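Submitted below is the structure of interest, expressed as structure tokens.
Just so it is clear, none of the values below were taken in a lab; they were calculated from the coordinates. Just so it is clear, the structure is predicted and the values come from calculations on it, not from any experiment. Positions of Cβ are backbone-derived with ideal geometry, glycine not excepted, and every protein chain shown enters the neighbour counts.
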């Protein structure tokens, strides 16, 4: 009889504890803190990218270019402004051009952007100034 009493007590204990182990999908899961263990810090948020450059090509100079060609032309403008050296670009559809910055340095530069579409040149003149890590077209 002693054996049956123990078996009944064990069965009752298991049944009463089974209610503690069940969880619904709505129940939050909480991790227990371990003494002496520091949780890893959340990763730092990446800094926002610099604003995209809107250059001469985004106006009437590049009105007949597709988006990829305008992107290539803008990258050439930024590279020429940053380096102070002439930069060329070539588009997907046969258009091409070059950006020639004026001599000098500092935070602002004058430049000429020449675009060839169907072999015909279009010329734009501009000035841009450095703002932090990027450039901004004046005017």
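Using mean Cβ contacts within 10 Å as the protection proxy, how do 62-72, 116-126, 83-93 order, highest first?
62-72, 83-93, 116-126
Then there is this: Fully extended, how many nm does the chain gain between residue 114 and residue 90 (0.36 nm per residue separation, minus their Cα-Cα distance)?
Additional length available on full extension: 7.5 nm.
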